[in-house]
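Enquirer: Before we start, here is the structure in question, set down as structure tokens.
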Amino acid sequence: LENLQPEIKELAQRLRYEVSVRGKQLGWSDKVARSHFARNMRRIVTELYVRDNCHPFKATLLLWVQVPMWVCVSLALRNCSVGAVGSAVQEQFSSGGALWFTDLTAPDSTWILPVSLGLVNLLVVEV
């Protein structure tokens, strides 16, 4: 979308000039000229989106999937860690870790996981 902005601005200037000239020839009011400009500009921008396959909704599609998934996983992990799903799960969490974190119910005193998760997220955002 950002790459299309210079082209859209150029086309908007050209269209504004053409509508102005045509409006003066046909005696359009400002309201009618603005209406013609808006309708044609929408059509041109839609054609550019189709040409470059970059509809703005595609940029938000991941957000509509990722946010509900993140909320559900967070709530599920919280319920598991506080024992809301049963004592069997609580036992598995307290003895089912790996490497230096053998008890998944205890806070991470080394801060390795939170810091590494933060760095990985920063890397994903920057890349």
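Enquirer: Could you give every pair whose Cβ atoms fall below 6 Å, whose first residue belongs to segment 44-66 and is in contact (Cβ under 8 Å) with a residue 60 or more places away in the chain and open to solvent by 100 Å² or more (accessible area, probe 1.4 Å), and whose second residue is assigned to a helix (DSSP H, G or I) and of a type outside the set (A, V, I, L, M), counting only separations of at least 6 or pairs across chains?
Expert: Close Cβ pairs (under 6 Å, with a partner that is assigned to a helix (DSSP H, G or I) and of a type outside the set (A, V, I, L, M)) do not exist here.
Enquirer: Is it fair to say GLN13 is open to solvent by 50 Å² or more (accessible area, probe 1.4 Å) and either touching a helix residue (DSSP H, G or I) at 6+ places or on another chain (Cβ under 8 Å) or at pLDDT below 90 (or both)?
Expert: So GLN13 fails the test.
Enquirer: In contact with a Leu (Cβ under 7 Å, 6 or more places away or on another chain) and on the phi < 0 side of the Ramachandran plot: is that true of PRO6 in this structure?
Expert: no
Enquirer: When you scan segment 28-127 for helices (runs of 4 or more DSSP H) that lie fully inside it, which ones turn up with 3 or more residues that are closer than 25 Å to LEU1 by Cβ and basic (Lys, Arg)?
Expert: Those helices (runs of 4 or more DSSP H) span 30-52.
Enquirer: Can you name the number of the only condition in (1) open to solvent by 70 Å² or more (accessible area, probe 1.4 Å); (2) modelled with pLDDT of 90 or more; (3) within 24 Å of the chain's Cα centre (by Cα) that VAL71 fails?
Expert: (1)
Enquirer: Among the residues that make up segment 26-38, is at least one of them open to solvent by 50 Å² or more (accessible area, probe 1.4 Å) and in contact with a His (Cβ under 8 Å, 6 or more places away or on another chain)?
Expert: Taking every residue of segment 26-38 in turn, at least one turns out to be open to solvent by 50 Å² or more (accessible area, probe 1.4 Å) and in contact with a His (Cβ under 8 Å, 6 or more places away or on another chain).
The values are calculated or read from the model by the stated rules, or taken from the named source; none is laboratory data. The structure displayed is predicted, hence computed values, not measured ones. As a convention, Cβ positions derive from the backbone with ideal geometry for all residues, glycine included, and neighbour counts pool all protein chains shown. Accessible surface areas use protein heavy atoms only, side chains included; no ligands, DNA or RNA. Shrake-Rupley method; radii C 1.70, N 1.55, O 1.52, S 1.80 Å.
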